[in-house]
Amino acid sequence: MRGWLIGWTGWLLAQELLPIVNIQAPGIQGVDRTILQQLQRDITQYLSTTRFSEDQFAPNERIKCLLNIVITALPNPTRFEGTLQIQAIRPVYGSTYETLTFNFNDPDFKIDYNATTTLQFSENTYVDNLTSLLNFYAYLILGMDYDSFGPEAGLPFFQKAQQVMNLAAANSAEPGWQPGGNFLRSRYWILENLLNASYKNFHKLFYRYHREGLDKFHKDPVAAREVLLQVLAEMVRFSQENPNSALVRLFVDTKGTELMQAFRRSTPEQKQRFVAAMKLLDPNNLSVYENLLQEEGP
């Protein structure tokens, strides 16, 4: 069970996810707001009540996840198109701080939904694009969470996500399930990279970042920052060896803001090393990171 990883404090078992769902439709005229509210409730209930694994979760161990759906087009009253941002949250040992383990904005949220739609879970068959999307990201959330607690511990969930993708690709013409498009912003390529044996070192770095870095920050922040710098140096090497990997972009999107905060009170030397690494990992936002160099030390 997952309880031993972050502390078992209860015996009542629960589903794995604790979702917060928000649906907006700015600029869409004539949209039925009651349908959007019903869709929001249905997604919340589906993710809250579906078991996506055989593992045992205590109520306090459920993984917080945020789904922000922005509807940008309504081709007909039952067709909703837009974007889906997914964030997953993990507690940090010995503190009240929570860290993102997954932060991704899917540009291909396209579903058919009406007032009579019932969301049904099926592991081995394709039901519709909405449940496929929810199942896919539920498995990715679980996989990234488990990866943060154990080296490559998320692999079984990534494999389940692949099954969802294969079923959707074979039974649906909806975008996102096939290769193509912007590989840095594609659910297909995110999963392909997570399962690609050539990118195995990413999982080890992700684990080390959390268990040897963040989870020890409360005890020894200086040593924890040193671990984070070592992880960043290895991530730079990973990026240089795999320039087309979507995982570096995923890592930066998930951890960039957190890293800025972690090094805000570090030494000038550590700040220099941090900025040098981010210059290579996230050059488009270099000016943001360079602001740290102008701030006073600890």
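Looking at 294, 270, 240, can you tell me which residue is at pLDDT 95 or above, exposed (fewer than 14 other Cβ atoms within 10 Å of the Cβ) and farther than 23 Å from residue 165 by Cα?
Residue meeting the stated conditions: 240.
Just give me the residues in the stretch 118-139 being part of a loop (DSSP other than H, G, I, E, B) and aromatic (Phe, Trp, Tyr), in sequence order.
Passing the criteria: 121, 126.
Please count how many residues of the stretch 130-148 are within 14 Å of residue 65 (Cα to Cα) and charged (D, E, K, R).
Selection size over the stretch 130-148: 1.
Going by the conditions given, is residue 153 among the hydrophobic types (A, V, I, L, M, F, W, C), farther than 20 Å from residue 103 by Cα and crowded, with 16+ Cβ neighbours inside 10 Å?
It is false that residue 153 is among the hydrophobic types (A, V, I, L, M, F, W, C), farther than 20 Å from residue 103 by Cα and crowded, with 16+ Cβ neighbours inside 10 Å.
Looking at (1) surrounded by fewer than 16 Cβ atoms within 10 Å (Cβ to Cβ); (2) touching a residue at least 24 places away in the same chain (Cβ under 8 Å), find the lone condition where residue 89 falls short.
For residue 89, the failing item is (1).
Can you pull out every residue in the stretch 143-173 that is closer than 15 Å to residue 133 by Cβ and in a loop (DSSP other than H, G, I, E, B)?
If the condition is that a residue be closer than 15 Å to residue 133 by Cβ and in a loop (DSSP other than H, G, I, E, B), then 172, 173 are the ones that fit.
So which strands (runs of 3 or more DSSP E) stay within the stretch 13-117 end to end and still have 3 or more residues that are assigned by TED's automatic domain parsing to the domain that holds residue 131 and touching a Pro at 6+ places or on another chain (Cβ under 9 Å)?
63-76, 79-91, 98-112
Take residue 127 and decide whether it is buried (at least 16 other Cβ atoms within 10 Å of the Cβ) and under 18 Å from residue 66 (Cβ atoms).
no
Of everything in the stretch 191-250, what is over 19 Å from residue 90 (Cα atoms) and hydroxyl-bearing (Ser, Thr, Tyr)? Give them in sequence order.
If the condition is that a residue be over 19 Å from residue 90 (Cα atoms) and hydroxyl-bearing (Ser, Thr, Tyr), then 198, 199, 239, 245 are the ones that fit.
Do you know which of the residues in the stretch 149-180 that are among the small types (Gly, Ala, Ser) and in contact (Cβ under 8 Å) with a residue 60 or more places away in the chain is farthest from residue 120 (Cα to Cα)?
For the stretch 149-180, the residue satisfying everything is 150.
The values are calculated or read from the model by the stated rules, or taken from the named source; none is laboratory data. If you're wondering where the values come from, they're calculated on a predicted model, not measured in any experiment. Note that we place each Cβ from the backbone using ideal geometry, even for glycine, and neighbour counts take in every protein chain shown.
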